[in-house]
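First comes the structure, then the notes that go with it.
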Amino acid sequence: MTVVRTSNDIEHWLKFFLVGVAETADNGKLTFEKIIALRQRSEQRIMALGKRAKIGQDLLKQLYSQPIMNAKQMSERLGITYASASTLAKSFEEIGIFKEITGFKRNRLFLFAEYLDLFSSRAQRREKDAAR
């Protein structure tokens, strides 16, 4: 920016700005594609829940706007009992969608870790390094 200001080289600044826009767009597209792939994998896992698959899909949809929940929040959002929400959370743990993050027996929080990892700059850097 100092070079642009002192030499009035607006072309250099525009190139710098457009490269940033292009990289941001590429990263956004890549993240979106990964979200779609994650959703497909997660839906396949949920189909293994049998009669709970429908409510499991409803929970999965909720997780994209709130990827950390407790059983009370699940029961409220899905309109199911606390016991049903706890059972569903346990099932999501078993099929690898949830990670329980408190270590408690009560007031447990469940994390949709794979989803949040998509937004981790550390994870994105590892993937870029691996692609090189």
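All of the numbers you see were taken from the coordinates with simple rules; none came from a lab. Worth saying up front: this structure is predicted, and the values here are computed from it rather than measured. Cβ placement follows ideal geometry from the backbone for every residue including glycine, while neighbour counts extend to all protein chains displayed.
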Legend entry - Label assignment, volume of the Cα convex hull per residue in Å³ derived from the structure, set (i) 156; (ii) 125; (iii) 99: (i)
Inset, instruction - Of the options Gln62, Phe32, Thr6, report the single residue whose Cα projects farthest towards the positive end of the charge dipole of segment 3-97 (beta-carbon charges: Lys, Arg +1; Asp, Glu -1). - result: Gln62
Inset, instruction - For Gln73 and Asn27, compute 0.36 nm times the residue count separating them, minus their Cα-Cα distance, and round to one decimal in nm. - result: 13.4 nm
Legend entry - Entries in Lys34/Lys61; Lys54/Lys105; Lys29/Lys54; Lys34/Lys54; Lys51/Lys90 that, when Cα-Cα distance is taken, lie over 19 Å: Lys54/Lys105; Lys29/Lys54; Lys34/Lys54
Legend entry - Value of [θ]222 nm, deg cm²/dmol, for the chain, DSSP H segments ≥ 4, -39500 (n - 2.57) each, nearest 500: -22000 deg cm²/dmol
Legend entry - C-alpha long axis of helix 82-94 to longest principal axis of the chain, angle in °: 60 degrees
